[in-house]
Amino acid sequence: MKIGISCQHTYGGSGAVATELGKALALKGHTVHFFSQSAPFRLGAFSSNIHYHEVEAMHYPLFECPFHSLALASKIAEVAFYEKLDVVHAHYAIPHAMSAMLARQMLEDKCPQRDCFRLATTLHGTDITVVGADRGMHDAVRLVINKSDGVTAVSQYLKDETVKMFSPKQEIEVIHNFVDTEVFRRIAAPDILRQLVPGKGKTVIHISNFRPVKRISDIVSVFHRLTQQLDATLLMVGDGPERSEAETEVRRLGIADRVHFLGKIDDIVPLLSVSDLMLMPSDAESFGLAALEAMACGVPVIVTSAGGFPEFIEQGRHGYLCPPGDREAMTEKALLLLADGKHWQECSEACVQQAKQFETVRLVDRYEAFYERLLG
Ligand code: GMT
(Lines give C-alpha, C1' and ligand atoms only; values in the text may rest on other atoms or scores of the structure.)
Protein backbone atom coordinates (compact mmCIF):
# COMPACT_ATOMS: atom_id res chain seq x y z
CA MET A 1 0.00 0.00 0.00
CA LYS A 2 0.96 3.63 -0.39
CA ILE A 3 0.21 5.28 2.91
CA GLY A 4 0.36 8.93 3.92
CA ILE A 5 0.78 9.72 7.63
CA SER A 6 -0.01 13.16 8.97
CA CYS A 7 1.18 13.76 12.54
CA GLN A 8 2.70 16.08 15.14
CA HIS A 9 6.47 16.28 14.87
CA THR A 10 6.90 17.42 18.46
CA TYR A 11 7.76 15.46 21.60
CA GLY A 12 4.67 13.46 22.54
CA GLY A 13 2.84 10.19 22.26
CA SER A 14 0.74 10.78 19.15
CA GLY A 15 3.79 11.72 17.06
CA ALA A 16 5.72 8.77 18.51
CA VAL A 17 2.94 6.28 17.72
CA ALA A 18 2.43 7.67 14.20
CA THR A 19 6.14 7.57 13.43
CA GLU A 20 6.75 4.09 14.86
CA LEU A 21 3.72 2.86 12.92
CA GLY A 22 5.03 4.36 9.67
CA LYS A 23 8.48 2.83 10.19
CA ALA A 24 6.98 -0.58 10.96
CA LEU A 25 4.72 -0.41 7.88
CA ALA A 26 7.73 0.50 5.75
CA LEU A 27 9.60 -2.53 7.13
CA LYS A 28 6.68 -4.65 5.95
CA GLY A 29 7.19 -3.30 2.43
CA HIS A 30 4.60 -0.53 2.26
CA THR A 31 5.56 2.92 1.01
CA VAL A 32 5.05 5.60 3.63
CA HIS A 33 4.86 9.38 3.19
CA PHE A 34 5.03 11.48 6.36
CA PHE A 35 3.52 14.97 6.48
CA SER A 36 4.51 17.33 9.29
CA GLN A 37 5.95 20.75 10.05
CA SER A 38 9.40 19.32 10.85
CA ALA A 39 10.81 15.81 10.79
CA PRO A 40 8.94 13.80 13.46
CA PHE A 41 11.21 13.37 16.49
CA ARG A 42 11.33 9.57 16.25
CA LEU A 43 11.87 9.33 12.48
CA GLY A 44 15.61 8.65 12.63
CA ALA A 45 17.39 7.39 9.54
CA PHE A 46 15.54 7.43 6.24
CA SER A 47 14.92 4.32 4.20
CA SER A 48 14.06 3.99 0.52
CA ASN A 49 10.33 3.51 1.13
CA ILE A 50 9.95 6.28 3.73
CA HIS A 51 9.41 9.81 2.46
CA TYR A 52 9.05 12.94 4.50
CA HIS A 53 7.24 16.03 3.22
CA GLU A 54 7.83 19.17 5.22
CA VAL A 55 4.82 21.44 5.41
CA GLU A 56 5.60 25.12 5.40
CA ALA A 57 2.81 27.63 5.68
CA MET A 58 2.97 30.77 3.56
CA HIS A 59 3.97 33.93 5.38
CA TYR A 60 2.09 36.92 4.04
CA PRO A 61 1.70 40.22 5.91
CA LEU A 62 -2.09 40.25 5.42
CA PHE A 63 -2.42 37.04 7.43
CA GLU A 64 -2.02 37.53 11.15
CA CYS A 65 -0.64 34.02 11.45
CA PRO A 66 0.39 31.43 8.87
CA PHE A 67 -2.37 28.94 7.93
CA HIS A 68 -0.63 25.70 8.77
CA SER A 69 -3.72 23.50 8.37
CA LEU A 70 -4.33 24.78 4.84
CA ALA A 71 -0.70 24.29 3.88
CA LEU A 72 -0.91 20.75 5.28
CA ALA A 73 -4.10 20.08 3.27
CA SER A 74 -2.49 21.36 0.06
CA LYS A 75 0.63 19.27 0.64
CA ILE A 76 -1.40 16.12 1.30
CA ALA A 77 -3.48 16.76 -1.85
CA GLU A 78 -0.37 17.35 -3.97
CA VAL A 79 1.45 14.22 -2.81
CA ALA A 80 -1.66 12.03 -2.72
CA PHE A 81 -2.36 12.96 -6.34
CA TYR A 82 1.01 12.30 -7.89
CA GLU A 83 1.98 9.40 -5.63
CA LYS A 84 -1.51 7.84 -5.86
CA LEU A 85 -1.76 7.28 -2.11
CA ASP A 86 -4.21 4.56 -1.08
CA VAL A 87 -4.70 5.74 2.49
CA VAL A 88 -3.97 8.92 4.39
CA HIS A 89 -3.78 8.21 8.11
CA ALA A 90 -4.33 11.30 10.25
CA HIS A 91 -3.09 11.16 13.84
CA TYR A 92 -5.01 13.58 16.07
CA ALA A 93 -8.33 15.02 14.88
CA ILE A 94 -7.35 18.68 14.56
CA PRO A 95 -5.65 19.72 12.37
CA HIS A 96 -4.53 16.41 10.87
CA ALA A 97 -7.85 14.74 10.03
CA MET A 98 -9.39 18.09 9.08
CA SER A 99 -6.53 18.86 6.68
CA ALA A 100 -6.70 15.37 5.15
CA MET A 101 -10.46 15.75 4.68
CA LEU A 102 -9.91 19.07 2.95
CA ALA A 103 -7.17 17.54 0.80
CA ARG A 104 -9.66 14.98 -0.44
CA GLN A 105 -12.06 17.74 -1.39
CA MET A 106 -9.25 19.57 -3.17
CA LEU A 107 -8.80 16.50 -5.37
CA GLU A 108 -12.48 16.00 -6.22
CA ASP A 109 -12.37 17.92 -9.50
CA LYS A 110 -8.77 17.01 -10.27
CA CYS A 111 -9.32 13.31 -10.48
CA PRO A 112 -13.05 12.71 -10.94
CA GLN A 113 -12.49 9.24 -12.36
CA ARG A 114 -9.95 8.16 -9.84
CA ASP A 115 -10.89 6.77 -6.51
CA CYS A 116 -9.33 9.18 -4.07
CA PHE A 117 -7.44 8.04 -0.96
CA ARG A 118 -9.25 6.59 2.03
CA LEU A 119 -9.09 8.71 5.16
CA ALA A 120 -8.17 6.88 8.37
CA THR A 121 -8.20 8.86 11.60
CA THR A 122 -6.66 7.82 14.91
CA LEU A 123 -7.88 9.68 17.97
CA HIS A 124 -5.15 10.01 20.59
CA GLY A 125 -6.64 11.72 23.61
CA THR A 126 -6.78 15.44 24.14
CA ASP A 127 -8.00 15.87 20.55
CA ILE A 128 -11.26 14.59 22.07
CA THR A 129 -11.07 15.33 25.80
CA VAL A 130 -9.64 18.86 25.56
CA VAL A 131 -9.90 20.17 21.97
CA GLY A 132 -13.15 18.33 21.22
CA ALA A 133 -14.62 19.45 24.54
CA ASP A 134 -14.02 23.09 23.63
CA ARG A 135 -17.23 24.72 22.44
CA GLY A 136 -15.44 26.45 19.59
CA MET A 137 -13.95 23.20 18.28
CA HIS A 138 -16.64 20.62 19.03
CA ASP A 139 -18.34 20.72 15.63
CA ALA A 140 -15.03 20.66 13.77
CA VAL A 141 -14.02 17.48 15.61
CA ARG A 142 -17.46 15.94 15.06
CA LEU A 143 -17.19 16.68 11.34
CA VAL A 144 -13.84 14.95 10.88
CA ILE A 145 -14.93 11.91 12.86
CA ASN A 146 -18.01 11.51 10.68
CA LYS A 147 -16.21 12.25 7.40
CA SER A 148 -13.33 9.82 7.98
CA ASP A 149 -13.68 6.46 6.25
CA GLY A 150 -12.51 4.74 9.41
CA VAL A 151 -11.70 5.87 12.94
CA THR A 152 -9.59 4.22 15.62
CA ALA A 153 -9.02 5.17 19.25
CA VAL A 154 -5.97 4.21 21.28
CA SER A 155 -8.02 2.83 24.18
CA GLN A 156 -11.50 1.69 25.11
CA TYR A 157 -11.64 4.65 27.50
CA LEU A 158 -11.07 7.08 24.62
CA LYS A 159 -13.61 5.30 22.44
CA ASP A 160 -16.21 5.56 25.23
CA GLU A 161 -15.46 9.26 25.75
CA THR A 162 -15.76 9.89 22.01
CA VAL A 163 -19.08 8.06 21.76
CA LYS A 164 -20.40 9.98 24.80
CA MET A 165 -19.37 13.35 23.41
CA PHE A 166 -20.05 12.93 19.69
CA SER A 167 -22.42 9.98 19.11
CA PRO A 168 -20.48 9.24 15.90
CA LYS A 169 -22.24 7.68 12.94
CA GLN A 170 -19.72 4.92 12.56
CA GLU A 171 -18.07 2.29 14.70
CA ILE A 172 -14.76 3.27 16.32
CA GLU A 173 -12.17 0.52 16.47
CA VAL A 174 -9.86 0.30 19.48
CA ILE A 175 -6.22 -0.30 18.54
CA HIS A 176 -4.03 0.11 21.59
CA ASN A 177 -0.64 1.78 21.52
CA PHE A 178 2.37 -0.46 21.09
CA VAL A 179 6.07 -0.78 21.87
CA ASP A 180 9.01 -2.38 20.10
CA THR A 181 10.44 -4.60 22.83
CA GLU A 182 13.60 -5.19 20.82
CA VAL A 183 14.38 -1.50 21.25
CA PHE A 184 12.68 -0.83 24.57
CA ARG A 185 14.49 -3.23 26.91
CA ARG A 186 16.75 -2.77 29.90
CA ILE A 187 20.31 -2.16 28.76
CA ALA A 188 23.59 -1.62 30.60
CA ALA A 189 23.70 1.98 31.80
CA PRO A 190 26.17 4.17 29.91
CA ASP A 191 28.93 5.60 32.13
CA ILE A 192 27.80 9.15 31.53
CA LEU A 193 24.55 8.43 33.35
CA ARG A 194 26.42 7.30 36.43
CA GLN A 195 27.23 10.97 37.12
CA LEU A 196 23.52 11.72 37.32
CA VAL A 197 22.44 8.56 39.04
CA PRO A 198 24.93 7.37 41.63
CA GLY A 199 24.96 3.61 42.21
CA LYS A 200 23.26 3.82 45.59
CA GLY A 201 19.68 4.98 46.09
CA LYS A 202 16.61 4.63 43.89
CA THR A 203 15.86 6.40 40.64
CA VAL A 204 12.43 7.72 39.79
CA ILE A 205 11.62 8.94 36.28
CA HIS A 206 8.93 11.02 34.62
CA ILE A 207 8.68 11.62 30.86
CA SER A 208 6.15 13.97 29.29
CA ASN A 209 5.47 17.26 27.58
CA PHE A 210 4.93 18.95 30.98
CA ARG A 211 1.41 20.15 30.29
CA PRO A 212 -1.13 20.78 33.09
CA VAL A 213 -2.84 17.39 32.51
CA LYS A 214 0.40 15.69 33.62
CA ARG A 215 0.09 17.10 37.18
CA ILE A 216 3.81 17.85 37.42
CA SER A 217 3.44 19.36 40.90
CA ASP A 218 2.21 15.96 42.18
CA ILE A 219 5.44 14.39 40.94
CA VAL A 220 7.58 16.91 42.80
CA SER A 221 5.51 16.53 45.95
CA VAL A 222 5.51 12.71 45.89
CA PHE A 223 9.23 12.65 45.23
CA HIS A 224 9.88 15.11 48.06
CA ARG A 225 7.95 12.81 50.44
CA LEU A 226 9.96 9.82 49.17
CA THR A 227 13.27 11.53 49.91
CA GLN A 228 12.23 11.75 53.56
CA GLN A 229 12.20 7.95 53.69
CA LEU A 230 14.92 6.89 51.27
CA ASP A 231 17.84 8.02 49.15
CA ALA A 232 16.48 8.82 45.68
CA THR A 233 17.07 10.74 42.45
CA LEU A 234 14.37 12.07 40.11
CA LEU A 235 14.88 12.32 36.35
CA MET A 236 12.47 14.76 34.70
CA VAL A 237 12.55 14.18 30.93
CA GLY A 238 10.77 16.47 28.47
CA ASP A 239 9.75 20.09 28.51
CA GLY A 240 6.66 22.24 28.47
CA PRO A 241 4.65 24.92 30.22
CA GLU A 242 4.80 23.43 33.74
CA ARG A 243 8.55 22.98 33.86
CA SER A 244 9.60 26.38 35.26
CA GLU A 245 7.16 26.19 38.12
CA ALA A 246 8.34 22.68 38.95
CA GLU A 247 11.97 23.81 38.95
CA THR A 248 11.09 26.68 41.30
CA GLU A 249 9.26 24.29 43.63
CA VAL A 250 12.20 21.84 43.62
CA ARG A 251 14.53 24.68 44.69
CA ARG A 252 12.07 25.85 47.34
CA LEU A 253 11.89 22.33 48.80
CA GLY A 254 15.68 22.09 48.87
CA ILE A 255 15.86 18.97 46.69
CA ALA A 256 17.46 20.54 43.60
CA ASP A 257 20.57 18.35 43.96
CA ARG A 258 18.41 15.23 43.63
CA VAL A 259 16.18 16.33 40.73
CA HIS A 260 17.55 16.56 37.20
CA PHE A 261 15.52 18.37 34.54
CA LEU A 262 16.98 16.87 31.38
CA GLY A 263 14.78 18.48 28.70
CA LYS A 264 13.65 16.70 25.57
CA ILE A 265 15.70 13.57 25.03
CA ASP A 266 14.85 11.36 22.07
CA ASP A 267 16.63 8.18 23.15
CA ILE A 268 15.00 7.41 26.47
CA VAL A 269 16.03 3.75 26.72
CA PRO A 270 19.29 4.45 28.67
CA LEU A 271 17.36 6.66 31.10
CA LEU A 272 14.65 4.05 31.61
CA SER A 273 17.35 1.43 32.08
CA VAL A 274 18.70 3.16 35.19
CA SER A 275 15.22 3.80 36.61
CA ASP A 276 13.41 1.92 39.37
CA LEU A 277 10.03 3.60 39.10
CA MET A 278 8.03 5.74 36.68
CA LEU A 279 5.60 8.31 38.08
CA MET A 280 2.73 9.35 35.79
CA PRO A 281 0.03 10.94 37.95
CA SER A 282 -1.92 12.57 35.06
CA ASP A 283 -5.51 13.68 35.49
CA ALA A 284 -6.29 11.15 32.77
CA GLU A 285 -4.28 9.64 29.95
CA SER A 286 -6.14 8.10 27.05
CA PHE A 287 -3.38 5.48 27.04
CA GLY A 288 -0.04 6.65 28.46
CA LEU A 289 2.55 5.39 25.98
CA ALA A 290 5.49 6.45 28.16
CA ALA A 291 4.30 4.07 30.89
CA LEU A 292 4.21 1.14 28.43
CA GLU A 293 7.71 1.99 27.21
CA ALA A 294 8.93 2.12 30.82
CA MET A 295 7.35 -1.27 31.53
CA ALA A 296 9.10 -2.76 28.51
CA CYS A 297 12.37 -1.67 30.17
CA GLY A 298 11.36 -3.40 33.40
CA VAL A 299 10.32 -0.23 35.21
CA PRO A 300 7.20 -0.57 37.41
CA VAL A 301 4.81 2.37 37.32
CA ILE A 302 2.71 4.50 39.64
CA VAL A 303 -0.13 5.94 37.56
CA THR A 304 -3.65 7.22 38.03
CA SER A 305 -6.66 4.94 38.01
CA ALA A 306 -8.36 7.27 35.50
CA GLY A 307 -8.33 6.99 31.70
CA GLY A 308 -6.71 4.16 29.77
CA PHE A 309 -4.08 3.00 32.29
CA PRO A 310 -6.23 0.17 33.72
CA GLU A 311 -6.36 -1.35 30.21
CA PHE A 312 -2.73 -2.44 30.49
CA ILE A 313 -1.64 -1.92 34.10
CA GLU A 314 -2.80 -4.29 36.80
CA GLN A 315 -2.92 -3.14 40.42
CA GLY A 316 -0.05 -4.59 42.43
CA ARG A 317 1.30 -6.56 39.46
CA HIS A 318 2.87 -3.90 37.25
CA GLY A 319 2.90 -1.13 39.84
CA TYR A 320 -0.03 0.79 41.31
CA LEU A 321 -3.01 2.81 40.16
CA CYS A 322 -4.03 5.63 42.51
CA PRO A 323 -6.81 8.23 42.36
CA PRO A 324 -5.70 11.44 40.58
CA GLY A 325 -4.28 13.93 43.06
CA ASP A 326 -3.86 11.40 45.87
CA ARG A 327 -0.25 12.17 46.68
CA GLU A 328 -0.31 10.20 49.91
CA ALA A 329 -1.43 7.00 48.21
CA MET A 330 1.19 7.46 45.50
CA THR A 331 3.96 7.94 48.07
CA GLU A 332 2.81 4.95 50.06
CA LYS A 333 2.70 2.70 46.97
CA ALA A 334 6.04 3.97 45.71
CA LEU A 335 7.62 3.09 49.07
CA LEU A 336 5.97 -0.33 48.95
CA LEU A 337 7.73 -1.00 45.66
CA LEU A 338 11.06 0.66 46.28
CA ALA A 339 11.64 -0.69 49.77
CA ASP A 340 10.87 -4.31 48.96
CA GLY A 341 13.41 -5.78 46.55
CA LYS A 342 11.49 -9.03 45.97
CA HIS A 343 8.21 -7.26 45.21
CA TRP A 344 10.02 -4.81 42.90
CA GLN A 345 11.71 -7.66 41.02
CA GLU A 346 8.41 -9.49 40.51
CA CYS A 347 6.72 -6.32 39.27
CA SER A 348 9.63 -5.50 36.98
CA GLU A 349 9.50 -8.96 35.37
CA ALA A 350 5.69 -8.83 35.05
CA CYS A 351 6.02 -5.42 33.35
CA VAL A 352 8.39 -6.81 30.72
CA GLN A 353 5.98 -9.69 30.02
CA GLN A 354 2.97 -7.37 29.85
CA ALA A 355 4.72 -5.06 27.38
CA LYS A 356 5.15 -8.05 25.05
CA GLN A 357 1.34 -8.24 24.77
CA PHE A 358 1.56 -4.80 23.14
CA GLU A 359 4.40 -5.68 20.77
CA THR A 360 4.61 -3.43 17.69
CA VAL A 361 4.15 -6.21 15.12
CA ARG A 362 0.84 -7.32 16.66
CA LEU A 363 -0.72 -3.87 16.62
CA VAL A 364 0.73 -2.90 13.25
CA ASP A 365 -0.97 -5.98 11.79
CA ARG A 366 -4.22 -4.59 13.20
CA TYR A 367 -3.65 -1.24 11.45
CA GLU A 368 -2.81 -3.04 8.21
CA ALA A 369 -6.05 -5.02 8.39
CA PHE A 370 -7.90 -1.80 9.18
CA TYR A 371 -6.51 -0.12 6.02
CA GLU A 372 -7.39 -3.19 3.96
CA ARG A 373 -10.97 -2.99 5.16
CA LEU A 374 -11.14 0.69 4.22
CA LEU A 375 -9.88 -0.15 0.76
CA GLY A 376 -12.50 -2.85 0.41
O1 GMT B 1 -3.36 14.32 23.89
C2 GMT B 1 -2.19 14.57 24.17
O3 GMT B 1 -1.72 14.79 25.29
C4 GMT B 1 -1.25 14.55 23.07
C5 GMT B 1 -0.82 13.19 22.75
C6 GMT B 1 0.59 13.34 22.38
O7 GMT B 1 0.85 13.71 21.24
O8 GMT B 1 1.42 13.12 23.25
O9 GMT B 1 -0.95 12.25 23.85
C10 GMT B 1 -2.03 11.39 23.75
O11 GMT B 1 -1.68 10.39 22.82
C12 GMT B 1 -0.74 9.42 23.26
C13 GMT B 1 -0.49 8.44 22.12
O14 GMT B 1 -1.64 7.79 21.71
C15 GMT B 1 -1.27 8.72 24.51
O16 GMT B 1 -0.35 7.74 24.94
C17 GMT B 1 -1.48 9.77 25.60
O18 GMT B 1 -2.04 9.15 26.71
C19 GMT B 1 -2.42 10.84 25.11
N20 GMT B 1 -2.48 11.92 26.10
C21 GMT B 1 -3.56 12.15 26.86
O22 GMT B 1 -4.58 11.52 26.77
C23 GMT B 1 -3.42 13.25 27.85
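Select the helices (runs of 4 or more DSSP H) contained entirely in the stretch 167-266, then report the ones holding at least 2 residues which are more than 28 Å from Ala306 (Cβ to Cβ), more than 16 Å from the ligand (Cβ to nearest atom) and out of contact with any Gly (no Cβ under 7 Å at 6 or more places or on another chain). Before the answer, list the steps.
Numbers: elements: 191-196, 216-227, 243-252.
Because the criterion is at least 2 residues that are more than 28 Å from Ala306 (Cβ to Cβ), more than 16 Å from the ligand (Cβ to nearest atom) and out of contact with any Gly (no Cβ under 7 Å at 6 or more places or on another chain), the helices (runs of 4 or more DSSP H) in the stretch 167-266 that meet it are 191-196, 243-252.
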Over the stretch 137-155, the set of residues surrounded by 19 or more Cβ atoms within 10 Å (Cβ to Cβ) and within 15 Å of the ligand (Cβ to nearest atom) is Val141, Val151, Thr152, Ala153, Val154, Ser155
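Can you tell me how many residues in the stretch 57-105 are part of a helix (DSSP H, G or I), under 29 Å from Val130 (Cα atoms) and not hydroxyl-bearing (Ser, Thr, Tyr)? Lay out the reasoning, then the answer.
First pass over the stretch 57-105, keeping only residues part of a helix (DSSP H, G or I): 68-83, 93-105.
In the following step, the residues that additionally are under 29 Å from Val130 (Cα atoms) were identified as 68-77, 93-105.
Filter once more, keeping what is not hydroxyl-bearing (Ser, Thr, Tyr): 68, 70-73, 75-77, 93-98, 100-105.
The total comes to 20.
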From the set of residues in the stretch 106-136 that are assigned to a helix (DSSP H, G or I) and farther than 24 Å from Gly307 by Cβ, which is nearest to the ligand (Cβ to nearest atom)? Met106
Within the bounds of the stretch 302-320, is there any residue that is over 25 Å from Arg42 (Cβ atoms), in contact with a Gly (Cβ under 6 Å, 6 or more places away or on another chain) and either at pLDDT 95 or above or assigned to a helix (DSSP H, G or I) (or both)? yes
Unmet criterion (only one of (1) assigned to a strand (DSSP E or B); (2) within 16 Å of the ligand (Cβ to nearest atom)) for Leu292: (1)
Could you grab me the full set of residues in the stretch 2-30 that are near the ligand (Cβ under 10 Å from one of its atoms) and touching a Ser or Thr at 6+ places or on another chain (Cβ under 7 Å)? Cys7, Gln8
Matching residues in the stretch 297-319 - criterion: being more than 14 Å from the ligand (Cβ to nearest atom) and either of a type outside the set (Ser, Thr, Tyr) or crowded, with 24+ Cβ neighbours inside 10 Å (or both): Cys297, Gly298, Val299, Pro300, Ile302, Glu314, Gln315, Gly316, Arg317, His318, Gly319
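The values are calculated or read from the model by the stated rules, or taken from the named source; none is laboratory data. Because the structure is predicted, anything quoted here is derived from the model rather than measured. In this analysis, Cβ positions are derived from the backbone assuming ideal geometry, glycine residues included, and neighbour counts consider all displayed protein chains.
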